[in-house]
Amino acid sequence: MKTCLKFFIFALLSCLSVSRISAQEAPKVKFGKVTDEELRMTVYEPDTAAAAVILFDDGQSLVKYDVGAKRFMLTFERFLRVKILKQSATEWGNFTIPLYSSGLSREDLSSVVGVTFNLEGEKIQKTDLKKESIFKERENKYWEAARLSMPSVKVGSVIDLKYSISSPLLWNLRTWKFQYSIPVKWSQYDVVYPEYFRYNHSSLGYHTLNSQDHTTQNENINYTATYETSGRVISGGGQREKVIQTITYLAHRYNYTAKEVPAMKVEPYLTTLENYTTRMKFELASTDFSRIGGEYKNYTNSWNIIGNDLLSDEDFGGQLRSGNFTEEDVKNLISGKPTPMEKAVAVYSHIQSAVKWDNIKSYMPAKSLRKTYSDKSGNSADLNMLLAVMLQKAGIAADPVILSTRDHGLISPVHASLSDCNYLIVKAMIDDKPVLMDVTDPLLPAGQLPFRCLNGNGILLRKDGTEHVATTNPTSTINTSVSLEMKEGNLSGEIISRISGLNAYNFRQEVKKAGGPQAQFETVKNNSDGIEYTNYTYNCLESLYLPVEKKYNVILDGGSEDEASILYINPIVSGKLQKNPFSSPSREYPVDFGAPFSETYRLNLTIPEGYQVEELPKGASIVLGDKNGKFSYAIGQMDKRIVVNMRFSIDKPMFLPAEYTNLKDFFDMVVAKESEQIVLKKISAQ
C-alpha cells in the first residue's frame, strides 16, 4: 500500500473539479453579451464625475494537480468589463498583465479573448481583439509584461476582456484588487485550494467588502493504483493488479465580493495609492502531505529567518565580509579625524563622490563590492553595502537595513515577506546614537534619508536578530527674517531664509536642475507674484552639513504713498500658506508628510512717515491634537516698527484618517490667520 500512497502524491487531484461559488447578489454577466443599458450609459450615477467604470470584475485562482506536468499548478482566470464614459479614459483599453519569468520558472498566458462593443445608431458594432495586438516585453530579470490594446475604443465603448494564466509558482497566488483609479460596480474573487495547502489571507485597504465567505466540502477522488501481487513469476516479475482507490480530501473555498467601490483619489501627502487600495493578498504558509505519506513543509517566514538567510547568502552576507580591499583607503580617509562622526562623514563623502548610483533600486547587490568600487557605479544595495563595510573598517558599527520605498508600498505589518522590500540603507551607531544613511545622492548629507525612503519601518539585519527601524529624518526647518520699509511708494527690503534638512536638500536639487544659482534665481523672478526680486545671495550651497542661506532684495507694490489714504499690507511676505491642501470633507487614508517640519517667520516693518496703525491682526495660538501641530502668531507695535513673530510646525510625519478632520480644521485656521492684513491710515494734516 506504500507504493499506492507514493503514487497518489503524484496523481492527487488529477480529477479535481471544483464548482464556482455564486456570490450573494452577484450580477449575472456573460462574456460577449452586453446589455442595452450598458451601451447607452453616459454617466455612472454613484460617481457622476467618473471617466470610466469597471462594471464587472471576476477572478478565480485554483490550485490543482496537473497529470501531464506531474506537479501542482496554479490557474488564474479573469473576466473584466469596462465602460468608457469620457475621452480621457480611453487608455483603459490598454492592459498590462505581469508574468513571472525566470529561467525554467515561468507563467504562461493563454485563452486571451477580447471584444469592444460600440453602439452605432441603433446597431451594436463588435470588434474582436486580434492576436497581433498582444505582445510581451521583458521588464527585468524576473518579470515580463504581456501588453494588449483593445480595438475601436472610444467614448461609449464597452470592453470585455478574458484571459487565463497557468503557473507552477504556488507562492504567487495573485493579489486581487477591488479598487482602482475609476469606480468599480461589482468585483468578485474566488480562491480554491485543497487541504494540503495553507495560505495566509490579508485584507488591505479602507473600503469594506460586501462579503467574505469560506466554505469547505469533502471531495472524493478515485484513482487507479497498480502494484505487484504475490504470484508465480512471469519473465522475472510478479503479477500486476490494478485497484481503484478512493481518497477523501477537504477543499477550501473562499469567495470575496465588493460592490460600488469608489475610485481611489489622488490626495495631497500620500505615499502611493497602492498602499491604501482595497485588496486581498495571499502568501503560501505551508504544504502538508503527511496524511498521505508525504512531508510537511513550512514556508512562513519571520524576519529573523529572512535575515539569517540573507546574512548566510554569499551574494548578500558574504559581501559584508569582503571589505578587506578597502582597508588602506579607509585608513587614509579617517587619518586626522578624531571623532566617530567625522570618520563616518569622511567615509560617506568619499563614496558619495567616487561611486555613482545607477538609479536601480534593490536590496540585493548586483555584483561584488570590489567591482562596484572599481566600476565606480552600482545599484542602491551595491553603494550602501559598500558604505557599511567601509564604516566597519573605520571602527564604526554599521548594519544593512532593507526597506520598501514610497512608490513600492508599505512593508506588511502582519507577515514577513522579502518581496515587500526593494531597497537597502545603512544604520550606523555613532556616539551611542543611531544614524541612518543612504549614500546614493551626492546632495544628501549623512544622517538624512531621501524622501523615497521615508516609508514606515525598515528591517535591520544583524547576526543576533532583526529589528524594526523607523525610517525617519530630523525635523526640516525654514527660518525666515523679513525687514521692510516704504520707499517711493513701495515697500522694499530684504528676505533672509535659513533652511535645513530635506528643505535644504530640495533647494540644492532645485539649483542643480536649473543649471546653477543665477538660472534658478531667474526662475524665482519670473514666477513671482506681487514681489519684484532685484538681487540674491545663496550661501552654503556646497556645504551639505550647514543650513542653506537665501537672501533676496525685494520690492513689493504697495501703491502710491502720496495718494493712498489707507494702506493694506499682508505681513506674511514669504512662505505664506495660500490655501488649505486638504479640501476634501473626509479622507479614507492617512496623511503622510514624510518627515516633521518647522517654520518660523519674523517681520520688521517700518511704518511709513505720515501713517499710523489703524488695525493689526490679533495674536493667536493654535494646538493640533496631542500637540502634534502648533501655530503661534504674535504681532505688536514698537515705536515706528511693527513686529510679527510666527511659528508653524507639524511634529509627526503621519496622521491617521480619524485625525483628518482636526488636521483640516487646523490648516483652515492657519490659512485664515496668514491672510489677515495690517491696516495703516494716513495721518490727517492739522
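Read the figures in this text as sums done on the coordinates, not as results from a lab. Note that the structure is a prediction, hence the values are computed from the model and not measured. FYI the Cβ positions are ideal-geometry reconstructions off the backbone, even for glycines, and counts take in every protein chain you see.
Quick look at the values:
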read-out: Burial order of peptide ranges 455-461, 649-655 (average beta-carbon count within 10 Å, highest first); value: 455-461, 649-655
read-out: Residue-count net charge about N308 - beta-carbon cut-off 11 Å; Lys, Arg +1, Asp, Glu -1; value: -1
read-out: Answer label, with Cα Rg over 2.2 N^0.38 Å calculated from the coordinates and candidates (i) 1.07; (ii) 1.16; (iii) 1.24; value: (iii)
read-out: Positive-pole candidate from A26, I425, T278, dipole of the chain, charges at beta carbon; value: A26
read-out: Within segment 476-682: Cβ-based charge dipole about Cα centre, in debye rounded to nearest 20 (Lys, Arg +1; Asp, Glu -1); value: 580
read-out: Relative contact order for segment 476-682, counting Cα pairs under 8 Å that sit 6 or more residues apart, in percent; value: 25
read-out: nm² value of the averaged projected area, convex hull over the Cα atoms of segment 476-682; value: 12.7
read-out: Theoretical FRET efficiency, 1/(1+(r/R0)^6), r = Cβ-Cβ of T127 and S286, R0 35 Å, to 0.05; value: 0.15
read-out: Residue (of L663, P445, S88) at the positive-pole extreme of the chain, dipole from beta-carbon charges; value: S88
read-out: Helical contribution to [θ] at 222 nm, DSSP H n ≥ 4, -39,500 (n - 2.57), averaged over the chain, rounded to 500; value: -5000 deg cm²/dmol
read-out: Cross-link pairs K28/K130; K141/K177; K154/K361; K154/K281; K28/K123 - those with Cα-Cα distance over 29 Å; value: K154/K361; K154/K281
read-out: Around M341: net Lys/Arg minus Asp/Glu count, Cβ-Cβ under 13 Å; value: 0
read-out: Whole-angstrom gap from segment 373-392 to segment 493-550, using each part's C-alpha centre; value: 32
read-out: Within-14-Å neighbourhood charge of D592 [Cβ basis; K, R +1; D, E -1]; value: -1
read-out: Highest average packing first - 296-308, 473-485, Cβ atoms within 10 Å; value: 473-485, 296-308
read-out: Helix 340-354 vs. the chain, principal-axis angle (Cα, 0 to 90°, nearest 10); value: 70
read-out: Test item: Cα-centred dipole of the chain, Lys/Arg +1 and Asp/Glu -1 on Cβ, debye; value: 2060
read-out: Antiparallel %, DSSP beta bridges [both residues in segment 303-470], to 5; value: 90
read-out: Estimated distance in nm for a label pair at F593 and T90, the labels positioned 7 Å out from Cα along Cα-to-Cβ; value: 4.4
read-out: Alpha-carbon centroid distance for the pair segment 297-337 / segment 590-622, whole angstrom; value: 50
read-out: Globularity ratio of segment 303-470, using Cα Rg and 2.2 N^0.38 Å; value: 0.96
read-out: Residues Q578 and S543, FRET efficiency given R0 of 35 Å [Cβ-Cβ distance, rounded to 0.05]; value: 0.65
read-out: Protection proxy ranking of 126-137, 65-76 - average other beta-carbon atoms within 10 Å, highest first; value: 65-76, 126-137
read-out: Helix 660-674 axis, angle to the chain major axis (alpha carbon atoms, nearest 10°); value: 20
read-out: Backbone N under 12 Å from the I555 label point (7 Å along Cα→Cβ), restricted to segment 520-538; value: 531-535
read-out: Computed FRET value (nearest 0.05) for S675 with K487, which takes r as the C-beta separation and R₀ as 22 Å; value: 0.30
